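All remarks here apply to the structure that follows.
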Amino acid sequence: MHPLKTRGFHHITMVSTNAGRTLAFYGELLGLGLVKKTVNFDDPGAYHLYFGDEGGSPGTILTFFEWAHARRGGWGVGGVHHLALGVATPEAQLKWKRRLTDAGVRVSGPLDRGYFKSIYFQDPDGQVLEIATAGPGYAIDEPATALGRELITPPESRLPAGRDEEAIQRETWPEPVSEVTPDMALQGIHHISAITNDLDASGEFYEQALGLSLVKKTVNQDDARTRHFFWAAYDGETVAPHSAMTLFDWAGSTLIARPGHGLTHHIAFRASSAEEQLAWRDHLLGMGLQVSPVMDRSYFRSIYFRAPDGLLVEIATDLPGFTVDESHETLGQDLKLPEWLEPRRRDIEQTLVALP
Ligand SMILES: [Fe+2]
Ligand SMILES: [Fe+2]
């Protein structure tokens, strides 16, 4: 057992075809803060937008590459199925359903997933999003100190045949919700669900590579013939926030995820220091993985590698953080470039479409 255990997700990176539209959706409609406006360091003609809580804390960060001509991505093995954002209560979740529906976004749910309640919708590029309640948590059907031991069969009421879909669809908040009130604040990454064709091998990989622990063995509640397992940063008593990674088992499937807009580009887990990241790099190389050199991303340092089913995974450091080149109060206001791109600022600004 190696001592390297991630504390959870650092960020998730998705693909947008229109940065202005993405800003309106995540900034105005979902009420997230824009914490950094910069360019893709590997492709400086394209925006890279970062959303998050006020200071851009690890675990709350959603980032977007803008690729105007990206084709549509497609679900498959080695891809992310959906991203779930956390919300405090079922009441706040219903307010989100009303707010999104009134804005013309199709919302399904709320569905009782047992460990949380979920509503589902898509962003303008087709990325599947979920808003999930904080509770009641993973200890409803096995002891908090012994999560992930038994295969859990959900009660009939949570499976499609036992649900009153019409009643669920009708349920919403009675009043229009014109502003995002503090009780509705989205609390960052609740969980990320990906698709694999070898659940056992992938699970072992996340345990070995990242120090995650199995916290729930159950079935896909929309397709109970297939397994759905949850991993997280778990110390044997509590599951850390922003750390749950779930895998849908498409056993033996050869349908491989197709990169593009509406599909997550990569997911990033946390390293608490640059030293720990280097130890991690050695550890991953020792597992026989191909790992990138350490890359300086200005706001964190990154290494990249692939899970056995093909998913691109990053480990990013908590520091230095987003206030390295602008103050806390002005985060996200100006276009920020790394020093080595500053000489090209005029060209870059002329290439990018100005954002409001
Ligand atoms: Fe989910
Ligand atoms: Fe990243």
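Structure values in brief
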| quantity | calculated |
| --- | --- |
| Top of Gly33, Gly78, Gly20 by mean-square fluctuation, Gaussian network on the chain, Cα under 10 Å | Gly20 |
| HN-Hα J in Hz across region 54-66 - Karplus 6.51, -1.76, 1.60, θ = phi - 60°, x for Gly and Pro | 3, x, x, 5, x, x, 10, 8, 10, 10, 9, 8, 9 |
| Whole-Hz couplings from phi, Karplus 6.51/-1.76/1.60, listed for region 37-50; x for Gly and Pro | 10, 9, 10, 5, 4, 8, 7, x, x, 10, 5, 10, 9, 10 |
| Restricting region 1-91 to GluC sites (Glu not before Pro) in coil, as DSSP defines it, with at most 15 other Cβ within 10 Å | Glu54 |
| Two-site FRET efficiency, Arg225 against Arg21, from Cβ-Cβ distance with R₀ of 35 Å, rounded to 0.05 | 0.40 |
| Radius ratio Rg over Rh of region 165-214, counting only Cα atoms, Kirkwood formula for Rh | 1.22 |
| Pairs of Cα atoms farther than 15 Å apart, region 1-88, % | 65 |
| Solvent exposure ordering (accessible area, 1.4 Å, most first) of Lys97, Lys117 | Lys117, Lys97 |
| For region 240-338, with +1 on Lys and Arg beta carbons and -1 on Asp and Glu, the positive-most of Ala271, Ile256, Thr317 along the dipole | Ile256 |
| Total charge dipole magnitude, region 1-123, about the Cα centre, Cβ charges on Lys, Arg, Asp, Glu only, Debye to nearest 20 | 300 |
| Selected from Val294, Leu355, Leu284, residue furthest toward positive end of dipole (region 244-356; charges at beta carbon) | Leu284 |
| DSSP-defined antiparallel bridges as percent of all bridges, region 129-249, nearest 5 | 65 |
| Residue (of Gly52, Leu4, Val39) at the positive-pole extreme of region 1-61, dipole from beta-carbon charges | Leu4 |
| Per-residue [θ]222 nm for the chain (sum of -39500 (n - 2.57) over DSSP H runs n ≥ 4, rounded to 500) | -4500 deg cm²/dmol |
| Rounded FRET efficiency, nearest 0.05, which uses the C-beta distance separating Asp43 from Ala201 and R0 of 35 Å | 0.60 |
| Dipole magnitude of the chain about its Cα centre (Cβ charges: Lys, Arg +1; Asp, Glu -1), debye to nearest 20 | 560 |
| Long-range amide H partners of Thr264 with built H, under 5 Å | Val80 |
| Within region 1-133, percent of DSSP bridges classed antiparallel, to nearest 5 | 65 |
| Residue-by-residue Karplus 3J(HN,Hα) for region 285-293, coefficients 6.51, -1.76, 1.60, Hz, glycine and proline x | 4, x, 7, x, 8, 8, 10, 5, x |
| Dipole magnitude of region 84-129, debye to nearest 20 (Cβ charges: Lys/Arg +1, Asp/Glu -1, about Cα centre) | 140 |
| Pairwise Cα inverse-distance average, inverted: Kirkwood Rh of the chain (Å) | 20.9 |
| Computed FRET value (nearest 0.05) for Gln169 with Asp296, which takes r as the C-beta separation and R₀ as 51 Å | 0.60 |
| Whole-percent carbon and sulfur share, accessible surface of region 1-124, 1.4 Å | 51 |
| Accessible area of the chain divided out per residue, in Å², using a probe of 1.4 angstrom | 44 |
| DSSP beta bridge pairing in the chain, given as percent antiparallel to the nearest 5 | 65 |
| Max mean-square fluctuation residue, GNM over the chain, Cα-Cα springs under 10 Å, options Arg258, Arg225, Arg270 | Arg225 |
| Alpha carbon centroid spacing (whole Å) that separates region 170-230 from region 46-85 | 16 |
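The values are calculated or read from the model by the stated rules, or taken from the named source; none is laboratory data. In this text, all values refer to a predicted model and were calculated from it rather than measured experimentally. So basically every Cβ, Gly included, is an ideal-geometry build from the backbone, and we count neighbours across all protein chains shown. Ligands, DNA and RNA are stripped out before the accessible areas are found, and what is left, the full protein with its side chains, is counted by its heavy atoms. Shrake-Rupley method; radii C 1.70, N 1.55, O 1.52, S 1.80 Å.
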